[in-house]
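Chemist: There's a structure below that I have some questions on.
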Amino acid sequence: MVNRWEMEDSNYNSLKHLYLRAGFGLSSWNLDKEKGNSIRVTVQKMFKEAANFSDLQLDRELHSPKYYAGEMMGQMTQEQRKELTKQSVIDEKEMNLKWIEKMSTENGALREKMTLFWHGHFACTEPIALYALLLNNTIRKNALGNFGDLLIAVAKEPAMLRFLNNQQNKKQSPNENFAREVMELFTIGRGNYTEDDIKNAARAFTGWTTDAEGNFVKRPFQHDDGTKTFMGHTGNFDGEDIMKIILSLKETANFIAGKAYKYFVNQEDPDPEIIAGLGQKFYDSDYDISALMREIFLSEWFYDAKNMGNRIKSPIEFIVALKRDFKIEFENPEVELGLQEILGQVLFHPPNVSGWAGGRNWIDSSSLLYRMRIPESIFYTSEMDVSIKGDATDNTMMAEAHKKVLKMMKNTSDLEYYNEYYKDKTPEELVDALSMALLAPGVHDIDKSLIADFIRSHSNDMVRSCIMLITSLPEYQLS
């Protein structure tokens, strides 16, 4: 029996599904070029492209962290402090927009999708742009490498140490926050450790901090070098020893494999047996992230009908998919920040240490309405009055500014391919073709006759009208 992943002409829907989950979708013209490749060849190509990546960089060199240290801040005038805060907001905006652009334009979409996945897993809010940028690039560098290396590197980042209060974790007064979250959220999950484990892990992490330049340091005089008992092991442990013990437990591999399955395959109906198998292979590979993702993308069950078109796009995926598919460039790039605000996912601003819940939590009555109105505002540059969803950001002034920006979303888009490729089709044929091209596999059951009737009355611009209507459907929110 021939494995279908070795077939010369792979299933179009399977390829489309792969690109939606392992990246941010693939434009119709590129998907047409790829449809002759097998799934295995395509996965190999994705990993090859992901190996060629660059750091996220801003246009200007950021302030050294010492500018934010207490002593330096104390020497500044009130006006200088206000200017520094203002510049930090500008840097944060640029960082956000640069990452959106990276996700929207670069070939190595798998690397950026994995970076986005880990960005939610290692959720962190950091007001100093340089620290946030360092953490983002550390995650990007290790996103497809070894999970143990990624974990230790993230744990030593100034953004994470500050966010989880480990600069307050000292021998004389241990702070358990960092140790607790490392276990509960980053590695082994609830129910697999005790309160005593937390207390002793916190002692092991005492003295982990950063210097005035943001470099990781261990301060010996703040470190508890006494004997500790952690998960059945006894010794004079430091933080790295604790993480190595955690990694020696199969429960950690199962926890991470489960998160990957729910993110990339099926959050609403996870398969415990498949997750257990993934966890075992992940453990046996010594936590090789690339091996885990290849196992997922090359498995028959990944392409089962129940796992296609069942996942709600995150706001970032929704924005990036529109930009990639139609080469959208906004006259005022801050529109993209405003869209993140109203849809409830702002890069570098997770709602809490648990990150974004995802799945059905992305959609409520207001956010779905905005998602359905955004394409019309983009393709016909119409006004859209908005309110900000939930507590997407703690910066009210920024939120109000974004509301104003979103009232007129002037942009350029490139529909040349669509206009040329679909120019001779009847309204009914056009709706069939574009729904196949733009909607996720398995979600084509839409009322095509209504769309065909509408675009027939816009015969001078049928392709644009059809694209606008299809991307405004609830079904377009699925991947």
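Chemist: For the stretch 101-110, what are the residues that are of a type outside the set (D, E, K, R), within 20 Å of F318 (Cβ to Cβ) and surrounded by fewer than 21 Cβ atoms within 10 Å (Cβ to Cβ)?
Modeler: Within the stretch 101-110, T105 is the sole residue that qualifies.
Chemist: Quick one: what pairs do we get from the stretch 283-302, first residue polar (S, T, N, Q), second surrounded by fewer than 21 Cβ atoms within 10 Å (Cβ to Cβ), C-beta under 7 Å, 6+ apart or different chains?
Modeler: Final answer for the pair search is S285/A291; S290/F47.
Chemist: For the stretch 206-237, which residues satisfy the criterion of being open to solvent by 30 Å² or more (accessible area, probe 1.4 Å), under 21 Å from V154 (Cβ atoms) and out of contact with any Ser or Thr (no Cβ under 9 Å at 6 or more places or on another chain)?
Modeler: Listed by number, the residues that qualify are D211, N215.
Chemist: Go through the stretch 71-100 residue by residue and tally those that are under 26 Å from G355 (Cβ atoms) and open to solvent by less than 60 Å² (accessible area, probe 1.4 Å).
Modeler: Final tally of qualifying residues: 11.
Chemist: Can I ask one more? What's the number of the only condition in (1) in a helix (DSSP H, G or I); (2) free of Cβ contacts under 8 Å to residues at least 60 places away in the same chain that P127 fails to meet?
Modeler: Every listed condition holds for P127 apart from (1).
Chemist: Next question, about the same structure. Kindly indicate which of N192, N169 is under 25 Å from I256 (Cβ atoms) and touching an Asp or Glu at 6+ places or on another chain (Cβ under 6 Å).
Modeler: Of N192, N169, the one residue that is under 25 Å from I256 (Cβ atoms) and touching an Asp or Glu at 6+ places or on another chain (Cβ under 6 Å) is N192.
Chemist: Is there a residue in the stretch 30-46 that is modelled with pLDDT of 80 or more, within 18 Å of the chain's Cα centre (by Cα) and not charged (D, E, K, R)?
Modeler: Within the stretch 30-46, one or more residues are modelled with pLDDT of 80 or more, within 18 Å of the chain's Cα centre (by Cα) and not charged (D, E, K, R).
Chemist: Can I ask one more? For the stretch 139-172, what are the residues that are charged (D, E, K, R), without any contact (Cβ under 8 Å) to a residue 60 or more places away in the chain and not in a helix (DSSP H, G or I)?
Modeler: Scanning the stretch 139-172 gives E157, K170, K171.
Chemist: Give just the number: which of (1) open to solvent by 10 Å² or more (accessible area, probe 1.4 Å); (2) in a helix (DSSP H, G or I) does N175 not satisfy?
Modeler: (2)
Chemist: Could you tell me whether the stretch 278-292 includes any residue that is within 25 Å of the chain's Cα centre (by Cα), assigned to a strand (DSSP E or B) and of a type in the set (D, E, K, R)?
Modeler: Yes: the stretch 278-292 contains one or more residues that are within 25 Å of the chain's Cα centre (by Cα), assigned to a strand (DSSP E or B) and of a type in the set (D, E, K, R).
Chemist: Okay, next question. Could you check, for the stretch 422-433, whether at least one of its residues is open to solvent by less than 50 Å² (accessible area, probe 1.4 Å) and within 27 Å of S367 (Cβ to Cβ)?
Modeler: Looking for residues that are open to solvent by less than 50 Å² (accessible area, probe 1.4 Å) and within 27 Å of S367 (Cβ to Cβ), one finds at least one in the stretch 422-433, hence yes.
Chemist: Oh, and also: Does P315 satisfy the criteria of being under 22 Å from G25 (Cβ atoms), open to solvent by 20 Å² or more (accessible area, probe 1.4 Å) and not aromatic (F, W, Y)?
Modeler: It is false that P315 is under 22 Å from G25 (Cβ atoms), open to solvent by 20 Å² or more (accessible area, probe 1.4 Å) and not aromatic (F, W, Y).
The values are calculated or read from the model by the stated rules, or taken from the named source; none is laboratory data. For clarity, every value in this text was computed on a predicted model and none was experimentally measured. Note that we place each Cβ from the backbone using ideal geometry, even for glycine, and neighbour counts take in every protein chain shown. Heavy atoms of the whole protein, side chains included, go into the accessibility calculation; ligands, DNA and RNA do not. Shrake-Rupley method; radii C 1.70, N 1.55, O 1.52, S 1.80 Å.
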